[in-house]
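What follows is calculated from the coordinates using simple rules that are stated; it is not laboratory data. The structure presented is a predicted model; accordingly, all values stated were derived computationally and were not measured. Cβ sites come from the backbone with ideal geometry, for glycine too, and all protein chains shown count toward neighbours.
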Amino acid sequence: MRLRGAAALAGRIKASIAITGGVHTGLDVIKATMAGAHATQMVSALLRHGPDHLRTVRREIESWMQEHEWDSLDEMRGNMSLQRIPDPAAYERANFQDGTEMNDGRLLRMCLLACSAIVAGA
């Protein structure tokens, strides 16, 4: 719900969006940013792993961005928001399967496929 909510609001409100809860890794930060978040809170991850965990998360983000040819978080921010994907109705339908929300791995794959379609059409 956090990612879907951020994706629904991104670009539609004049406010920064923050994702709280469930952010433990660099990939979690990437997903939140692509949904439209300007900030993520990682309290439980930092309590569990200590402040040095931020270095690990930063390395994960930088590695992922390099692998997927993104230059900055600003560039990717909101690219999977409902306002910027080709078929927002499909996004909404895909978030539910048999009445249950799909897991984040499948959501990320769907977001990346939609992103590829946007780039290919540009």
When the convex hull of its Cα atoms is projected in every direction, mean area for the stretch 1-80 (nm²): 5.0 nm²
Residue exposure sequence - R12, R77 - by fewest surrounding Cβ within 10 Å: R12, R77
